[in-house]
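Single-structure report; data block below.
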Amino acid sequence: MSTSRTGSLPYLQDLSGSLGPGGLSPDRFEALLDATSPALAGLRQQHEDGSLPLLRMPDRRDDMADMERIAAHLREGATDVVVLGIGGSSLGAKALAQLAYDATPAGTSTGAVGSPRVHFLENLDPHTFERLMAALDLGTTRFLVVSKSGGTAEPLMQAYAAKAALTATGAGNDLGRHFAAITEPTDNAVRRFAQAVGAPVIDHETGVGGRFSVLTNVGLVPALLLGLDATAIREGAARVLAPILDGAAPDDVAPAAGAAMQVGLAEDAAIATSIILAYSDRLERFGLWYRQLWAESLGKDGKGTLPATGIGPVDQHSQLQLYLAGPADKAYTVMSVGCAGAGPRVATDDPALAYLDGKAMGDLLDAEFRATAETLRANKRPVRTIDIPVLDETAMGALLMHFMLETIIAAHLMGVDPFDQPAVEQGKVLARKYLGEM
Ligand SMILES: O=P(O)(O)OC[C@H]1O[C@](O)(CO)[C@@H](O)[C@@H]1O
(Lines give C-alpha, C1' and ligand atoms only; values in the text may rest on other atoms or scores of the structure.)
Protein backbone atom coordinates (compact mmCIF):
# COMPACT_ATOMS: atom_id res chain seq x y z
CA MET A 1 0.00 0.00 0.00
CA SER A 2 1.77 3.12 -1.11
CA THR A 3 -0.86 5.82 -0.92
CA SER A 4 -2.25 6.80 2.45
CA ARG A 5 -5.88 5.73 2.80
CA THR A 6 -6.54 8.18 5.59
CA GLY A 7 -9.08 10.12 3.58
CA SER A 8 -9.98 12.61 6.29
CA LEU A 9 -6.53 14.14 6.34
CA PRO A 10 -6.20 17.63 4.85
CA TYR A 11 -3.31 16.35 2.70
CA LEU A 12 -2.60 13.34 0.52
CA GLN A 13 0.67 11.48 0.87
CA ASP A 14 1.74 9.36 -2.09
CA LEU A 15 4.74 7.10 -1.54
CA SER A 16 4.52 5.18 -4.80
CA GLY A 17 7.44 7.14 -6.26
CA SER A 18 9.69 5.91 -3.44
CA LEU A 19 9.20 2.26 -4.26
CA GLY A 20 10.84 0.20 -6.96
CA PRO A 21 14.06 0.89 -8.92
CA GLY A 22 16.23 3.48 -7.19
CA GLY A 23 14.01 3.30 -4.14
CA LEU A 24 12.76 0.74 -1.69
CA SER A 25 11.50 -2.70 -2.61
CA PRO A 26 7.76 -3.03 -1.96
CA ASP A 27 8.35 -6.14 0.20
CA ARG A 28 10.85 -4.37 2.40
CA PHE A 29 8.49 -1.40 2.71
CA GLU A 30 5.68 -3.70 3.87
CA ALA A 31 8.01 -5.39 6.38
CA LEU A 32 9.09 -2.05 7.82
CA LEU A 33 5.51 -0.86 7.91
CA ASP A 34 4.59 -3.93 9.95
CA ALA A 35 7.53 -3.19 12.24
CA THR A 36 5.93 0.16 13.16
CA SER A 37 3.13 -1.67 15.00
CA PRO A 38 4.91 -1.68 18.40
CA ALA A 39 5.65 2.04 18.03
CA LEU A 40 1.99 2.75 17.28
CA ALA A 41 0.88 0.65 20.25
CA GLY A 42 3.42 2.52 22.39
CA LEU A 43 2.03 5.87 21.28
CA ARG A 44 -1.50 4.73 22.12
CA GLN A 45 -0.31 3.72 25.56
CA GLN A 46 1.59 6.96 26.08
CA HIS A 47 -1.49 8.93 25.08
CA GLU A 48 -3.58 6.99 27.55
CA ASP A 49 -1.22 7.27 30.51
CA GLY A 50 -0.17 10.85 29.68
CA SER A 51 3.52 10.00 29.63
CA LEU A 52 4.08 11.79 26.29
CA PRO A 53 2.30 15.15 26.75
CA LEU A 54 2.81 16.03 23.07
CA LEU A 55 0.04 13.53 22.28
CA ARG A 56 -2.41 15.37 24.53
CA MET A 57 -1.77 18.75 22.90
CA PRO A 58 -4.27 18.39 20.05
CA ASP A 59 -7.14 18.10 22.53
CA ARG A 60 -5.89 20.59 25.11
CA ARG A 61 -8.04 23.68 25.53
CA ASP A 62 -7.41 24.49 29.22
CA ASP A 63 -4.23 26.39 28.37
CA MET A 64 -5.86 28.73 25.87
CA ALA A 65 -6.81 31.38 28.44
CA ASP A 66 -3.18 31.78 29.54
CA MET A 67 -2.09 32.07 25.93
CA GLU A 68 -4.76 34.69 25.19
CA ARG A 69 -3.69 36.62 28.30
CA ILE A 70 -0.05 36.79 27.22
CA ALA A 71 -1.03 37.61 23.64
CA ALA A 72 -3.28 40.44 24.86
CA HIS A 73 -0.48 41.79 27.06
CA LEU A 74 1.92 41.83 24.10
CA ARG A 75 -0.63 43.22 21.66
CA GLU A 76 -1.74 46.18 23.77
CA GLY A 77 -0.48 49.35 22.11
CA ALA A 78 1.99 47.35 20.02
CA THR A 79 3.00 47.86 16.43
CA ASP A 80 5.72 45.18 16.59
CA VAL A 81 6.49 42.06 18.59
CA VAL A 82 9.98 40.55 18.48
CA VAL A 83 10.21 36.87 19.41
CA LEU A 84 13.52 36.01 21.08
CA GLY A 85 14.11 32.26 21.01
CA ILE A 86 16.24 29.79 19.10
CA GLY A 87 15.78 26.31 17.62
CA GLY A 88 12.64 24.72 18.97
CA SER A 89 11.76 27.94 20.75
CA SER A 90 11.41 29.73 17.42
CA LEU A 91 11.23 27.48 14.35
CA GLY A 92 7.71 26.14 14.89
CA ALA A 93 6.29 29.58 15.56
CA LYS A 94 8.07 30.87 12.46
CA ALA A 95 6.55 28.11 10.35
CA LEU A 96 3.08 28.95 11.64
CA ALA A 97 3.64 32.67 11.21
CA GLN A 98 4.29 32.17 7.53
CA LEU A 99 0.66 31.15 7.18
CA ALA A 100 -0.27 34.68 8.14
CA TYR A 101 1.89 35.43 5.31
CA ASP A 102 4.74 36.82 4.38
CA ALA A 103 8.23 35.62 3.71
CA THR A 104 10.31 38.74 3.96
CA PRO A 105 14.03 38.09 4.33
CA ALA A 106 14.09 39.72 7.75
CA GLY A 107 11.69 37.06 8.98
CA THR A 108 8.83 39.43 9.64
CA SER A 109 5.25 38.19 9.47
CA THR A 110 2.22 40.40 9.14
CA GLY A 111 -1.09 38.93 10.11
CA ALA A 112 -4.70 40.03 10.25
CA VAL A 113 -5.52 43.73 10.06
CA GLY A 114 -4.78 45.23 13.46
CA SER A 115 -2.19 42.57 14.34
CA PRO A 116 1.28 43.71 15.23
CA ARG A 117 4.11 42.79 12.91
CA VAL A 118 5.90 39.77 14.38
CA HIS A 119 9.68 39.48 13.97
CA PHE A 120 11.79 36.46 14.82
CA LEU A 121 15.30 37.37 15.89
CA GLU A 122 16.34 33.77 16.07
CA ASN A 123 19.92 34.04 15.00
CA LEU A 124 22.48 35.89 17.06
CA ASP A 125 24.09 38.61 14.97
CA PRO A 126 24.87 42.06 16.32
CA HIS A 127 24.43 43.61 12.86
CA THR A 128 20.88 42.30 12.47
CA PHE A 129 20.00 43.13 16.06
CA GLU A 130 21.19 46.73 15.87
CA ARG A 131 19.52 47.32 12.52
CA LEU A 132 16.21 45.99 13.75
CA MET A 133 16.35 48.04 16.97
CA ALA A 134 17.13 51.15 14.92
CA ALA A 135 14.26 50.47 12.52
CA LEU A 136 11.59 49.85 15.16
CA ASP A 137 9.73 52.36 17.28
CA LEU A 138 10.76 50.86 20.60
CA GLY A 139 7.96 52.66 22.40
CA THR A 140 5.47 50.41 20.64
CA THR A 141 7.66 47.30 20.41
CA ARG A 142 7.21 44.25 22.64
CA PHE A 143 9.52 41.27 23.20
CA LEU A 144 8.49 37.68 23.80
CA VAL A 145 11.39 35.70 25.30
CA VAL A 146 11.02 31.95 24.74
CA SER A 147 13.33 29.31 26.18
CA LYS A 148 12.36 25.94 27.58
CA SER A 149 15.48 25.66 29.74
CA GLY A 150 15.59 29.38 30.45
CA GLY A 151 19.36 29.16 30.23
CA THR A 152 20.12 29.44 26.52
CA ALA A 153 22.75 32.09 25.89
CA GLU A 154 21.43 33.53 22.59
CA PRO A 155 17.92 34.63 23.65
CA LEU A 156 19.27 35.78 27.02
CA MET A 157 21.88 37.94 25.30
CA GLN A 158 19.14 39.38 23.06
CA ALA A 159 16.74 39.97 25.96
CA TYR A 160 19.33 41.91 27.95
CA ALA A 161 20.29 43.85 24.81
CA ALA A 162 16.63 44.71 24.16
CA LYS A 163 16.25 45.89 27.73
CA ALA A 164 19.29 48.13 27.32
CA ALA A 165 17.97 49.49 24.00
CA LEU A 166 14.59 50.27 25.57
CA THR A 167 16.24 51.96 28.53
CA ALA A 168 18.54 54.02 26.30
CA THR A 169 15.63 55.46 24.31
CA GLY A 170 13.63 56.26 27.41
CA ALA A 171 11.08 53.61 26.48
CA GLY A 172 12.18 51.56 29.44
CA ASN A 173 10.16 53.29 32.16
CA ASP A 174 7.68 50.48 32.13
CA LEU A 175 9.74 47.47 31.08
CA GLY A 176 7.16 44.98 32.23
CA ARG A 177 4.85 46.21 29.50
CA HIS A 178 7.48 45.53 26.87
CA PHE A 179 8.29 41.93 27.77
CA ALA A 180 6.64 38.57 28.31
CA ALA A 181 8.27 35.14 28.61
CA ILE A 182 7.60 31.45 28.13
CA THR A 183 9.88 29.15 30.09
CA GLU A 184 9.82 26.08 32.29
CA PRO A 185 8.57 26.42 35.86
CA THR A 186 12.07 26.43 37.35
CA ASP A 187 14.26 29.12 38.83
CA ASN A 188 16.04 29.89 35.56
CA ALA A 189 17.65 32.97 34.03
CA VAL A 190 14.76 33.81 31.68
CA ARG A 191 12.25 33.64 34.53
CA ARG A 192 14.48 35.76 36.75
CA PHE A 193 14.85 38.30 33.92
CA ALA A 194 11.08 38.51 33.43
CA GLN A 195 10.44 38.80 37.14
CA ALA A 196 13.06 41.52 37.50
CA VAL A 197 11.44 43.66 34.79
CA GLY A 198 7.92 42.89 36.03
CA ALA A 199 6.83 40.98 32.92
CA PRO A 200 4.31 38.14 32.85
CA VAL A 201 5.57 34.56 32.38
CA ILE A 202 3.70 31.45 31.31
CA ASP A 203 5.07 27.95 31.74
CA HIS A 204 6.64 25.98 28.93
CA GLU A 205 5.21 22.47 28.99
CA THR A 206 7.80 20.54 30.99
CA GLY A 207 7.36 17.23 29.16
CA VAL A 208 7.45 18.65 25.62
CA GLY A 209 10.89 19.28 24.11
CA GLY A 210 11.48 22.41 22.04
CA ARG A 211 11.41 20.75 18.63
CA PHE A 212 8.09 19.10 19.54
CA SER A 213 6.59 22.25 21.11
CA VAL A 214 4.91 23.94 18.15
CA LEU A 215 1.42 22.90 19.32
CA THR A 216 2.04 24.37 22.80
CA ASN A 217 2.10 28.03 23.80
CA VAL A 218 5.54 28.25 22.12
CA GLY A 219 3.96 28.06 18.68
CA LEU A 220 0.49 29.24 19.47
CA VAL A 221 1.13 32.55 21.27
CA PRO A 222 2.87 34.01 18.19
CA ALA A 223 0.10 32.47 16.06
CA LEU A 224 -2.55 34.23 18.15
CA LEU A 225 -0.67 37.52 17.82
CA LEU A 226 -0.97 37.16 14.06
CA GLY A 227 -4.68 36.44 14.18
CA LEU A 228 -4.38 32.73 13.37
CA ASP A 229 -6.89 30.19 14.63
CA ALA A 230 -4.94 28.23 17.26
CA THR A 231 -7.79 25.79 17.83
CA ALA A 232 -7.89 24.88 14.14
CA ILE A 233 -4.14 24.19 14.26
CA ARG A 234 -4.71 21.70 17.07
CA GLU A 235 -7.74 20.20 15.33
CA GLY A 236 -5.61 19.55 12.27
CA ALA A 237 -3.03 17.80 14.44
CA ALA A 238 -5.79 15.70 16.04
CA ARG A 239 -6.83 14.39 12.62
CA VAL A 240 -3.38 12.89 12.04
CA LEU A 241 -3.19 11.38 15.50
CA ALA A 242 -6.72 9.92 15.37
CA PRO A 243 -5.95 6.75 13.37
CA ILE A 244 -3.19 5.85 15.83
CA LEU A 245 -5.49 6.32 18.80
CA ASP A 246 -8.19 4.33 17.00
CA GLY A 247 -5.81 1.40 16.57
CA ALA A 248 -5.70 1.61 12.77
CA ALA A 249 -3.37 -0.74 10.89
CA PRO A 250 0.03 0.81 10.03
CA ASP A 251 -0.83 1.25 6.36
CA ASP A 252 -3.69 3.51 7.41
CA VAL A 253 -1.37 5.69 9.49
CA ALA A 254 0.27 8.22 7.17
CA PRO A 255 3.22 9.05 9.49
CA ALA A 256 3.96 5.33 9.96
CA ALA A 257 4.12 4.86 6.19
CA GLY A 258 6.38 7.91 5.90
CA ALA A 259 8.68 6.60 8.63
CA ALA A 260 8.92 3.13 7.05
CA MET A 261 9.80 4.74 3.74
CA GLN A 262 12.44 7.10 5.19
CA VAL A 263 14.16 4.45 7.33
CA GLY A 264 14.04 1.84 4.56
CA LEU A 265 15.58 4.20 2.02
CA ALA A 266 18.42 5.05 4.43
CA GLU A 267 19.10 1.42 5.27
CA ASP A 268 18.62 -0.22 1.88
CA ALA A 269 19.16 2.44 -0.78
CA ALA A 270 22.09 4.37 0.76
CA ILE A 271 19.98 7.51 1.04
CA ALA A 272 21.90 10.05 3.11
CA THR A 273 19.84 13.21 2.55
CA SER A 274 16.11 13.78 2.94
CA ILE A 275 14.99 16.85 1.04
CA ILE A 276 11.71 18.70 1.41
CA LEU A 277 11.02 20.53 -1.82
CA ALA A 278 8.00 22.78 -1.27
CA TYR A 279 5.99 24.40 -4.05
CA SER A 280 4.73 27.22 -1.83
CA ASP A 281 6.56 30.12 -0.24
CA ARG A 282 4.36 29.60 2.81
CA LEU A 283 6.08 26.26 3.47
CA GLU A 284 9.60 27.66 3.33
CA ARG A 285 9.98 27.93 7.10
CA PHE A 286 8.12 24.66 7.61
CA GLY A 287 11.14 23.04 5.96
CA LEU A 288 13.47 24.78 8.41
CA TRP A 289 11.36 23.56 11.34
CA TYR A 290 11.54 20.02 9.91
CA ARG A 291 15.34 20.22 9.67
CA GLN A 292 15.75 20.59 13.44
CA LEU A 293 13.10 17.99 14.19
CA TRP A 294 14.66 15.35 11.96
CA ALA A 295 18.32 16.15 12.64
CA GLU A 296 18.27 16.54 16.42
CA SER A 297 15.89 13.64 16.96
CA LEU A 298 17.57 11.03 14.78
CA GLY A 299 21.22 12.04 14.40
CA LYS A 300 22.53 9.56 16.96
CA ASP A 301 24.78 6.51 17.27
CA GLY A 302 26.19 7.12 13.79
CA LYS A 303 22.68 7.04 12.31
CA GLY A 304 20.43 9.66 10.74
CA THR A 305 19.96 11.34 7.36
CA LEU A 306 20.70 14.97 6.59
CA PRO A 307 17.47 16.95 6.28
CA ALA A 308 17.53 19.63 3.61
CA THR A 309 14.97 22.04 2.21
CA GLY A 310 14.24 23.71 -1.05
CA ILE A 311 11.58 25.84 -2.69
CA GLY A 312 9.69 24.96 -5.84
CA PRO A 313 10.60 26.72 -9.08
CA VAL A 314 13.61 28.48 -7.56
CA ASP A 315 15.47 25.25 -6.85
CA GLN A 316 14.57 23.81 -10.25
CA HIS A 317 16.81 26.56 -11.57
CA SER A 318 19.49 26.00 -8.98
CA GLN A 319 19.61 22.45 -7.56
CA LEU A 320 17.70 20.18 -9.92
CA GLN A 321 20.69 19.31 -12.08
CA LEU A 322 22.40 17.79 -9.01
CA TYR A 323 19.19 16.14 -7.86
CA LEU A 324 18.70 14.41 -11.23
CA ALA A 325 22.22 13.58 -12.28
CA GLY A 326 24.36 13.82 -9.13
CA PRO A 327 24.86 11.08 -6.54
CA ALA A 328 21.75 8.93 -6.04
CA ASP A 329 21.90 9.44 -2.28
CA LYS A 330 18.91 11.73 -1.76
CA ALA A 331 15.20 11.18 -1.16
CA TYR A 332 12.63 13.83 -2.01
CA THR A 333 9.42 14.92 -0.36
CA VAL A 334 7.79 17.22 -2.88
CA MET A 335 5.00 19.27 -1.33
CA SER A 336 2.42 21.22 -3.27
CA VAL A 337 -0.42 23.48 -2.24
CA GLY A 338 -3.53 23.54 -4.43
CA CYS A 339 -2.74 26.33 -6.86
CA ALA A 340 -4.14 25.38 -10.28
CA GLY A 341 -6.15 28.33 -11.59
CA ALA A 342 -4.84 30.71 -8.89
CA GLY A 343 -3.36 34.12 -9.55
CA PRO A 344 -3.23 36.36 -12.59
CA ARG A 345 -3.63 35.00 -16.12
CA VAL A 346 -1.35 35.68 -19.04
CA ALA A 347 -2.66 37.29 -22.23
CA THR A 348 -0.14 37.24 -25.07
CA ASP A 349 -0.20 36.91 -28.85
CA ASP A 350 3.47 35.92 -29.02
CA PRO A 351 3.33 32.55 -30.85
CA ALA A 352 6.40 31.40 -28.94
CA LEU A 353 4.43 31.78 -25.72
CA ALA A 354 1.27 30.01 -26.86
CA TYR A 355 1.80 27.52 -24.02
CA LEU A 356 1.39 30.37 -21.50
CA ASP A 357 -1.52 32.21 -23.13
CA GLY A 358 -4.64 32.13 -20.96
CA LYS A 359 -2.87 30.22 -18.20
CA ALA A 360 -2.90 31.34 -14.57
CA MET A 361 0.31 31.71 -12.56
CA GLY A 362 -0.85 28.85 -10.35
CA ASP A 363 -1.32 26.66 -13.45
CA LEU A 364 2.37 26.98 -14.24
CA LEU A 365 3.36 26.31 -10.63
CA ASP A 366 1.16 23.20 -10.52
CA ALA A 367 2.51 21.93 -13.84
CA GLU A 368 6.08 22.44 -12.65
CA PHE A 369 5.41 20.60 -9.38
CA ARG A 370 4.05 17.59 -11.24
CA ALA A 371 6.78 17.69 -13.87
CA THR A 372 9.57 17.84 -11.27
CA ALA A 373 8.17 14.94 -9.25
CA GLU A 374 7.78 12.84 -12.39
CA THR A 375 11.22 13.72 -13.72
CA LEU A 376 12.87 12.78 -10.44
CA ARG A 377 11.07 9.48 -10.53
CA ALA A 378 11.98 8.86 -14.19
CA ASN A 379 15.61 9.30 -13.13
CA LYS A 380 15.15 6.67 -10.40
CA ARG A 381 15.24 9.17 -7.55
CA PRO A 382 12.87 8.22 -4.71
CA VAL A 383 10.02 10.71 -4.43
CA ARG A 384 7.15 11.11 -2.04
CA THR A 385 4.52 13.71 -2.88
CA ILE A 386 2.34 15.50 -0.37
CA ASP A 387 -0.60 17.39 -1.86
CA ILE A 388 -2.27 19.99 0.31
CA PRO A 389 -5.46 21.18 -1.38
CA VAL A 390 -5.86 24.14 1.00
CA LEU A 391 -3.02 25.39 3.19
CA ASP A 392 -4.82 26.77 6.23
CA GLU A 393 -4.43 26.36 9.98
CA THR A 394 -5.99 22.88 9.92
CA ALA A 395 -3.66 21.65 7.19
CA MET A 396 -0.61 23.19 8.84
CA GLY A 397 -1.49 21.61 12.20
CA ALA A 398 -1.88 18.27 10.43
CA LEU A 399 1.46 18.55 8.64
CA LEU A 400 3.28 19.52 11.82
CA MET A 401 1.81 16.52 13.64
CA HIS A 402 2.53 14.22 10.71
CA PHE A 403 6.23 15.02 10.74
CA MET A 404 6.54 14.87 14.54
CA LEU A 405 4.94 11.42 14.56
CA GLU A 406 6.93 10.29 11.54
CA THR A 407 10.12 11.27 13.38
CA ILE A 408 9.13 9.44 16.58
CA ILE A 409 8.14 6.31 14.66
CA ALA A 410 11.35 6.45 12.57
CA ALA A 411 13.35 6.68 15.82
CA HIS A 412 11.64 3.52 17.00
CA LEU A 413 12.59 1.69 13.79
CA MET A 414 16.16 2.97 14.08
CA GLY A 415 16.50 2.16 17.77
CA VAL A 416 17.38 5.72 18.89
CA ASP A 417 15.83 8.05 21.47
CA PRO A 418 14.14 10.93 19.58
CA PHE A 419 13.81 13.16 22.63
CA ASP A 420 17.37 13.96 23.66
CA GLN A 421 20.29 15.82 22.05
CA PRO A 422 23.33 15.07 24.24
CA ALA A 423 25.97 15.88 21.61
CA VAL A 424 24.87 19.54 21.34
CA GLU A 425 26.00 20.23 24.89
CA GLN A 426 29.73 19.85 24.08
CA GLY A 427 29.79 23.01 21.95
CA LYS A 428 27.82 24.99 24.53
CA VAL A 429 30.34 24.20 27.26
CA LEU A 430 33.23 25.22 25.01
CA ALA A 431 31.52 28.50 23.96
CA ARG A 432 31.13 29.45 27.63
CA LYS A 433 34.77 28.63 28.26
CA TYR A 434 35.88 30.87 25.37
CA LEU A 435 33.57 33.67 26.54
CA GLY A 436 35.13 33.44 29.99
CA GLU A 437 38.54 33.96 28.42
CA MET A 438 37.53 37.13 26.49
O1 LIG B 1 14.34 26.35 24.42
P2 LIG B 1 15.76 26.38 24.85
O3 LIG B 1 15.97 25.67 26.16
O4 LIG B 1 16.27 27.79 24.90
O5 LIG B 1 16.61 25.59 23.80
C6 LIG B 1 16.74 26.03 22.46
C7 LIG B 1 17.25 24.91 21.60
O8 LIG B 1 18.52 24.49 22.04
C9 LIG B 1 18.63 23.07 21.96
O10 LIG B 1 18.58 22.58 23.26
C11 LIG B 1 19.92 22.65 21.30
O12 LIG B 1 21.00 23.31 21.86
C13 LIG B 1 17.42 22.64 21.16
O14 LIG B 1 17.07 21.33 21.39
C15 LIG B 1 16.42 23.65 21.61
O16 LIG B 1 15.29 23.72 20.77
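Going through (1) modelled with pLDDT under 95; (2) under 24 Å from Ser149 (Cβ atoms) one by one, Leu226 falls short only on (2).
Among the residues of the stretch 150-163 satisfying the criterion of being more than 21 Å from the chain's Cα centre (by Cα) and touching a residue at least 60 places away in the same chain (Cβ under 8 Å), which is nearest to the ligand (Cβ to nearest atom)? The extreme case among them is Ala153.
Checking the condition within 16 Å of the ligand (Cβ to nearest atom) and touching a residue at least 12 places away in the same chain (Cβ under 8 Å), which residue from Leu288, Leu320, Leu306, Leu376 passes? I'd like the intermediate steps shown before the answer.
Details: Leu320 fails: within 16 Å of the ligand (Cβ to nearest atom); Leu306 fails: within 16 Å of the ligand (Cβ to nearest atom); Leu376 fails: within 16 Å of the ligand (Cβ to nearest atom).
On inspection, the qualifying residue turns out to be Leu288.
Across the stretch 57-81, what is the total count of residues that are open to solvent by 10 Å² or more (accessible area, probe 1.4 Å), over 30 Å from Glu406 (Cβ atoms) and in a helix (DSSP H, G or I)? Can you show your working first?
Keep residues of the stretch 57-81 that are open to solvent by 10 Å² or more (accessible area, probe 1.4 Å), which gives 59-66, 68-69, 72-73, 75-79.
Going one step further and asking which of them are over 30 Å from Glu406 (Cβ atoms), we end up with 65, 68-69, 72-73, 75-79.
If we keep only those that are in a helix (DSSP H, G or I) as well, we get 65, 68-69, 72-73, 75.
Of the residues in the stretch 57-81, 6 are open to solvent by 10 Å² or more (accessible area, probe 1.4 Å), over 30 Å from Glu406 (Cβ atoms) and in a helix (DSSP H, G or I).
Of the residues that sit in the stretch 139-149 and are open to solvent by less than 10 Å² (accessible area, probe 1.4 Å) and more than 8 Å from the ligand (Cβ to nearest atom), which one is farthest from the chain's Cα centre (by Cα)? It comes out as Thr141.
Of the residues Leu91, Leu54, Leu84, Leu99, only one is surrounded by 20 or more Cβ atoms within 10 Å (Cβ to Cβ) and away from the ligand (no atom under 16 Å from the Cβ); which? Step through it out loud before you land on a result.
Values: Leu91 fails: away from the ligand (no atom under 16 Å from the Cβ); Leu54 fails: away from the ligand (no atom under 16 Å from the Cβ); Leu84 fails: away from the ligand (no atom under 16 Å from the Cβ).
Going through Leu91, Leu54, Leu84, Leu99 in turn, just one is surrounded by 20 or more Cβ atoms within 10 Å (Cβ to Cβ) and away from the ligand (no atom under 16 Å from the Cβ): Leu99.
Restricting the first member to the stretch 125-149 and to residues that are under 19 Å from Lys94 (Cα atoms) and not assigned by TED's automatic domain parsing to the domain that holds Ala181, and the second to residues that are open to solvent by 20 Å² or more (accessible area, probe 1.4 Å) and within 16 Å of the ligand (Cβ to nearest atom), no beta-carbon pair is closer than 8 Å while six or more apart or on different chains.
For Asp349, the conditions (1) over 30 Å from Glu235 (Cβ atoms); (2) without any contact (Cβ under 8 Å) to a residue 24 or more places away in the chain; (3) in a helix (DSSP H, G or I) all hold with the exception of (3).
Is it fair to say Met396 is surrounded by 24 or more Cβ atoms within 10 Å (Cβ to Cβ), at pLDDT 95 or above and touching a Phe, Trp or Tyr at 6+ places or on another chain (Cβ under 8 Å)? Judged against the criteria, Met396 is a match.
Examine the stretch 323-346 for a residue that is farther than 20 Å from Pro255 by Cα and of a type in the set (Ser, Thr, Tyr), and state whether such a residue exists.
Narrowing the stretch 323-346 to residues farther than 20 Å from Pro255 by Cα: 323-329, 338-346.
Right, trim to of a type in the set (Ser, Thr, Tyr) and you get 323.
Scanning the stretch 323-346 turns up at least one residue that is farther than 20 Å from Pro255 by Cα and of a type in the set (Ser, Thr, Tyr).
Residue-wise test of (1) in contact (Cβ under 8 Å) with a residue 40 or more places away in the chain; (2) surrounded by 15 or more Cβ atoms within 10 Å (Cβ to Cβ); (3) within 16 Å of the ligand (Cβ to nearest atom).
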site: Ala168; (1), (2), (3): no, no, no
site: Pro185; (1), (2), (3): no, no, yes
site: Ala189; (1), (2), (3): no, yes, yes
site: Ala230; (1), (2), (3): yes, yes, no
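Please specify each residue of the stretch 276-301 satisfying the condition of being in contact with a Pro (Cβ under 6 Å, 6 or more places away or on another chain) and surrounded by fewer than 21 Cβ atoms within 10 Å (Cβ to Cβ). Across the stretch 276-301, the qualifying residues are Arg291, Ala295. For the stretch 191-208, the set of residues classified as open to solvent by less than 30 Å² (accessible area, probe 1.4 Å) and either within 12 Å of the ligand (Cβ to nearest atom) or outside the structural domain of Lys94 (by TED's automatic domain parsing) (or both) consists of His204, Val208, listed by residue number.
Every residue, every condition in (1) free of Cβ contacts under 8 Å to residues at least 24 places away in the same chain; (2) β-branched (Val, Ile, Thr); (3) closer than 21 Å to Gly264 by Cα; (4) within 16 Å of the ligand (Cβ to nearest atom), yes or no:
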| position | (1), (2), (3), (4) |
| --- | --- |
| Leu399 | no, no, no, no |
| His402 | no, no, yes, no |
| Leu405 | no, no, yes, no |
| Ile408 | no, yes, yes, yes |
| Pro418 | no, no, yes, yes |
| Gln421 | no, no, no, yes |
| Gln426 | yes, no, no, yes |
| Val429 | yes, yes, no, yes |
| Met438 | yes, no, no, no |
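The values are calculated or read from the model by the stated rules, or taken from the named source; none is laboratory data. Bear in mind that the values here come from a model prediction, so they are computed numbers and not experimental data. Counting neighbours? That spans all protein chains shown, and the Cβs are built from the backbone with ideal geometry, glycine included. These area figures cover heavy atoms from the full protein model, side chains too; ligands, DNA and RNA do not enter into them. Shrake-Rupley method; radii C 1.70, N 1.55, O 1.52, S 1.80 Å.
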